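Structure first, commentary second.
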């Protein structure tokens with residue numbers, strides 16, 4: 001769990017409010033897929049990847065006095081566009097993952113489990129190779 005940091009820890013560490021954090025999320029400064037909801041003994045809490053969120057919050061805070069949040073969002077959005085993502089679509093909604101965060105993808109039926117990660121990662125590499133051309 002040390003690779004995750006709670007929303008509460010982020011707010012305390014950087015002296016920002018809950019409203020500020022979620023305004024940044026709504027503006028696209030913090031990608032939706034970075035939010036990790038986990039059940040804890042106090043109920044459901046929100047966590048983030050420590051490295052991603054601390055870097056992003058520090059970047060926003062360092063720029064917000066010289067650039068508007070809209071300008072920062074536009075700049076960061078361009079960076080986000082080049083990061084490969086995988087979306088899983090279900091009847092309950094969509095969930096997006098950064099490809100670099102994925103360690104394995106499996107399909108299970110009864111006692112049989114098959115990894116499909118190698119097939120999918122091959123397709124992702126083809127996509128990225130074509131994008132660079």
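The values are calculated or read from the model by the stated rules, or taken from the named source; none is laboratory data. Because the structure is predicted, anything quoted here is derived from the model rather than measured. Don't worry about glycine lacking a Cβ; one is built from the backbone with ideal geometry, like all the others, and counts go over all protein chains shown.
At-a-glance table
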{"read-out": "Filter result for residue 3 (more than 17 Å from the chain's Cα centre (by Cα) and over 25 Å from residue 116 (Cα atoms))", "value": "no"}
{"read-out": "Of residues in the range 29-46 being part of a strand (DSSP E or B) and without any contact (Cβ under 8 Å) to a residue 40 or more places away in the chain, the one nearest to residue 76 (Cα to Cα)", "value": "36"}
{"read-out": "Options 67, 103, 80; residue that is assigned to a loop (DSSP other than H, G, I, E, B), closer than 29 Å to residue 9 by Cβ and modelled with pLDDT under 85", "value": "103"}
{"read-out": "Residue check for residue 39: modelled with pLDDT of 85 or more and more than 16 Å from the chain's Cα centre (by Cα)", "value": "no"}
{"read-out": "Residues of the range 15-28 classified as in a helix (DSSP H, G or I) and within 18 Å of residue 73 (Cβ to Cβ), total", "value": "9"}
{"read-out": "Cross-chain or 6+ apart pairs with Cβ under 9 Å, the range 69-85 first and more than 18 Å from residue 26 (Cβ to Cβ), then loosely packed, with under 13 Cβ neighbours inside 10 Å and modelled with pLDDT under 75", "value": "82/131; 83/100; 84/100; 84/127; 84/128; 84/131"}
{"read-out": "Residue that is surrounded by the most Cβ atoms within 10 Å (Cβ to Cβ), among those in the range 89-100 that are under 14 Å from the mean Cα position of the chain (by Cα) and assigned to a strand (DSSP E or B)", "value": "98"}
{"read-out": "Checklist (1) part of a helix (DSSP H, G or I); (2) surrounded by 11 or more Cβ atoms within 10 Å (Cβ to Cβ); (3) at pLDDT 75 or above applied to residue 118, failing item", "value": "(2)"}
{"read-out": "The range 51-64, residues that are closer than 13 Å to residue 6 by Cα and at pLDDT 90 or above", "value": "53, 54"}
{"read-out": "Residue 110 vs. criteria at pLDDT 75 or above, loosely packed, with under 12 Cβ neighbours inside 10 Å and over 26 Å from residue 36 (Cβ atoms)", "value": "yes"}
{"read-out": "Residue match in the range 11-28 (condition: within 25 Å of residue 124 (Cβ to Cβ), touching a helix residue (DSSP H, G or I) at 6+ places or on another chain (Cβ under 8 Å) and surrounded by 15 or more Cβ atoms within 10 Å (Cβ to Cβ))", "value": "yes"}
